[in-house]
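Just so it is clear, none of the values below were taken in a lab; they were calculated from the coordinates. Predicted model only: the values in this text are computed from it and were never measured. Backbone-built Cβ (ideal geometry, glycine too); neighbour counts: all protein chains shown.
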């Protein structure tokens, strides 16, 4: 069975002291409302194989927080990136660069 992307949930923002990630604004796209360029970027960057946490959550206060939840027909992939800007600047992590390119597409959507 081929897994189909059914929903994207994206939390993004700066976490101040005492805030929870769920306090941040969330954007949700479902089914045909998922932009075609985002679907393409998720496939091109092979994002479904990159679930997990990235970056250093102890760098920076407030902390930059990106949380991406990709809901598929029979599975869910969750990706969290702490301090994405700092991580991109200070590391040579291709996985973070791939995630960043998709998140940029979501920011534009």
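Only residues that are touching a helix residue (DSSP H, G or I) at 6+ places or on another chain (Cβ under 6 Å) and farther than 18 Å from residue 80 by Cα were counted across the stretch 19-55, and they come to 1. Filtering the stretch 94-108 to residues that are free of Cβ contacts under 8 Å to residues at least 40 places away in the same chain and either on the phi > 0 side of the Ramachandran plot or surrounded by 13 or more Cβ atoms within 10 Å (Cβ to Cβ) (or both) leaves 97, 100. Restricting the first member to the stretch 30-43 and to residues that are in contact (Cβ under 8 Å) with a residue 24 or more places away in the chain, and the second to residues that are part of a loop (DSSP other than H, G, I, E, B), the beta-carbon pairs closer than 7 Å and six or more apart or on different chains are 35/109; 38/109. Filtering the stretch 2-18 to residues that are out of contact with any helix residue (DSSP H, G or I) (no Cβ under 7 Å at 6 or more places or on another chain) and farther than 18 Å from residue 104 by Cβ leaves 2, 3, 4, 7, 16, 17, 18.
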